[in-house]
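The values are calculated or read from the model by the stated rules, or taken from the named source; none is laboratory data. Computed from a prediction, not measured in an experiment: that's the story for all the values here. Cβ: placed from backbone, ideal geometry, glycine included. Neighbour counts: every protein chain shown. These accessible areas exclude ligands, DNA and RNA; they are computed on the full protein's heavy atoms, side chains included. Shrake-Rupley method; radii C 1.70, N 1.55, O 1.52, S 1.80 Å.
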Amino acid sequence: MKINKNYLNLSDNYLFSEIAARVKKYSAENPDKRIIRLGIGDVTKPIAEPVLDALTQSVNEMGKAETFRGYAPDKGYEFLRNAISESDYRSRGCDIEPDEIFVSDGAKSDCGNIQEIFDKENTVAVTDPVYPVYADTNIMAGRKIIYMPCTAENGFVPELPGERADIIYLCFPNNPTGAVITKAELQNFVDYARKNDSVIIYDAAYEAYITEPNIPHSIYECEGAKEVAIELHSFSKNAGFTGLRLGYAVVPKALVREGVSLNKLWARRHATKYNGAPYIIQRAGEAVYSPEGAAAVKKQVREYMENARFIRDSLAGMNYRVYGGVNAPYIWLKTPEGLTSWELFDLLLNKANVVGTPGSGFGKCGEGYFRLTAFGDPTDTKEAMERIRRL
Ligand code: MLT
């Protein structure tokens, strides 16, 4: 028996597990300290009422023989895929059909699993800094990875890959930098992929946080994107489903490589390895698209963005260089006085009892940066800024 030795090329711990372990240790040693967590991008607002109503109703359905449901359809219930197709795509002029949508338990699983339908010999391009799952899952598979630096100089939007990339992961609005991409810049990537026969995996998990006009909400707003792109969505950040778990992947039928439909390949993988998000969660997801549900989740997003504004303004007032936080729930700041990312993490944890995420955990180019999330409770967020001010 041989193990998959590619795993030995990973760092020992997943970034957010490492942070959780350090915070747990500090808490155990300092039980009297109240820690404010602005680290992992986990939401704090409860499920919005119209969504909760749908969830409760479907739980009750499961208790009656005539409305009980067993296994869900492979790709997800039609009621949810129709709602997604209509609200997230057709209403934006993107012609994505329900059978191009695969409902899942979240974008993290999808962005980790999608690489299984690609050969090991493909070269993968990811941004640096990067959401660790894109890089780590390809390291596990033993693929060659090239990094596209995202720096203050390029506005945290990468140049096209310097060498040929077969698979390109992009995430906009970006985790961790909070940067957005213009439609023209995204079109450049789509054109690159068309020319080079590459596939783009576009993570749109933070799309609901876009506040400015003319920022693409979906890669399918770009011409020809259906022939080159898979798009991933999450219900975690816009509707607070981090605990409920729901997401979806779009694999267009026009996406064909080596004469094979990737929609068909992903359908085969999905049906074989996955039994579908629970009925009750898919009903809750459907309610996110109802008029009442959509209004309620929009209000939550606006409130989180108020935290983002507060963090940005407070830090800028303390002479920090801050980025993001305008179209994204993440604020990316330059560490002061030449501190490394982990040094600032330790300083904030020990002296302000505030948890953030060290930028270097997202890659080399993240060194000297630090990420705070806008997902905290508003009072805690204000208190965190006050504690940092007092340092
Ligand atoms: C993050 O903090 O980067 C995210 O919460 C991680 C995730 O969504 O899995």
Quiz item: Tell me, what ³J(HN,Hα) does each residue in segment 6-16 have, in order and in whole Hz, if you take phi through Karplus 6.51 cos²θ - 1.76 cosθ + 1.60 with θ = phi - 60° and put x for Gly and Pro?
Solution: 4, 4, 6, 8, 8, 5, 4, 10, 5, 3, 6
Exercise. Treating cross-link reach as a plain straight distance, find the aspartates and glutamates whose alpha-carbon is under 12 Å from the alpha-carbon of Lys253, omitting any fewer than eight places away in the same chain.
Key: Asp95, Glu97, Asp99, Glu100, Glu227
Self-check item: For Val199, distant residues with modelled amide H under 5 Å away
Solution: Ile167, Ile168
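How much mean residue ellipticity at 222 nm does the chain get from its helices, if each DSSP H run of length 4 or more adds -39500 (n - 2.57) and you divide by all residues, to the nearest 500 deg cm²/dmol?
Computed mean residue ellipticity for the chain: -11000 deg cm²/dmol.
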Exercise. May I ask which residue of Ile230, Tyr289, Asn60 lies farthest towards the positive end of the charge dipole of the chain, with charges of +1 (Lys, Arg) and -1 (Asp, Glu) on Cβ and the Cα centre as origin?
Key: Asn60
Quiz item: So for the pair Arg321, Asn82, with labels modelled 7 Å out along Cα→Cβ, what separation do we get in nm?
Solution: 5.2 nm
Quiz item: Which lysines, on any chain, are close to Lys45 with Cα under 21 Å apart, when same-chain ones fewer than 8 places away are left out?
Solution: Lys108, Lys237, Lys298, Lys299, Lys382
Practice problem: Leaving ligands, DNA and RNA out of it, report the carbon-plus-sulfur percent of the accessible area of segment 50-291 at a 1.4 Å probe. | Solution: 49 percent
Quiz item: How much accessible surface area, in Å² rounded to 10, belongs to the heavy atoms of Leu38 with a 1.4 Å probe?
Solution: 0 Å²
Quiz prompt | Cβ-placed point charges (K, R +1; D, E -1), dipole of segment 168-292 about Cα centre in debye, nearest 20 | solution = 620 debye
Practice problem: Enter the accessible area of Asp74 (Å², nearest 10), with the probe set to 1.4 Å and all protein chains included. | Solution: 90 Å²
Quiz item: Per-residue accessible area for Lys253 at 1.4 Å probe radius, Å² rounded to 10?
Solution: 80 Å²
Exercise. Find which of Gly247, Tyr71, Leu186 sits farthest along the positive direction of the dipole of segment 50-291, computed with +1 on the beta-carbon of Lys and Arg, -1 on that of Asp and Glu, about the Cα centre.
Key: Tyr71
Exercise. Would you work out the charge dipole size for segment 50-291 about its Cα centre, treating the Cβ of every Lys and Arg as +1 and the Cβ of every Asp and Glu as -1, and quote it to the nearest 20 debye?
Key: 580 debye
Self-check item: Rounded FRET efficiency, nearest 0.05, which uses the C-beta distance separating Arg268 from Glu227 and R0 of 22 Å
Solution: 0.60
Practice problem: Calculate, for Lys24 and Asp53, the FRET efficiency according to 1/(1 + (r/R0)^6) with r their C-beta to C-beta distance and R0 30 Å; round to the nearest 0.05. | Solution: 0.25
Self-check item: Rounded, prolate or oblate (a/c below 1.5 giving rounded, otherwise prolate when a/b exceeds b/c) for the chain by Cα gyration tensor
Solution: oblate
Quiz item: Which order do Phe16, Phe375 take when ranked by solvent-accessible area (1.4 Å probe, heavy atoms of all protein chains), largest first?
Solution: Phe16, Phe375
Self-check item: Distance in nm between pseudo-label sites at Lys195 and Glu212 (7 Å out along the Cβ direction from Cα)
Solution: 2.6 nm
Practice problem: Among DSSP beta bridges lying fully in the chain, give the percent that are antiparallel, nearest 5. | Solution: 50 percent
Quiz prompt | FRET efficiency, Glu116 to Thr340 (Cβ-Cβ, R0 35 Å, nearest 0.05) | solution = 0.50
Quiz item: Under a 1.4 Å probe, what is the accessible area of the chain per residue, stated in Å²?
Solution: 44 Å²
Quiz item: Quick one: Karplus J couplings for segment 342-351, per residue in order, coefficients 6.51, -1.76, 1.60, θ = phi - 60°, nearest Hz, x for Gly and Pro?
Solution: 6, 5, 5, 4, 5, 4, 5, 5, 6, 9
Quiz item: So what J values fall out for segment 299-313 if you push phi through Karplus, 6.51 cos²θ - 1.76 cosθ + 1.60 with θ = phi - 60°, rounded to Hz, Gly and Pro as x?
Solution: 5, 5, 4, 4, 5, 4, 5, 5, 4, 4, 4, 5, 5, 4, 4
Self-check item: Potential lengthening between Tyr14 and Asp99 on full extension [0.36 nm per residue; Cα-Cα distance subtracted]
Solution: 27.2 nm
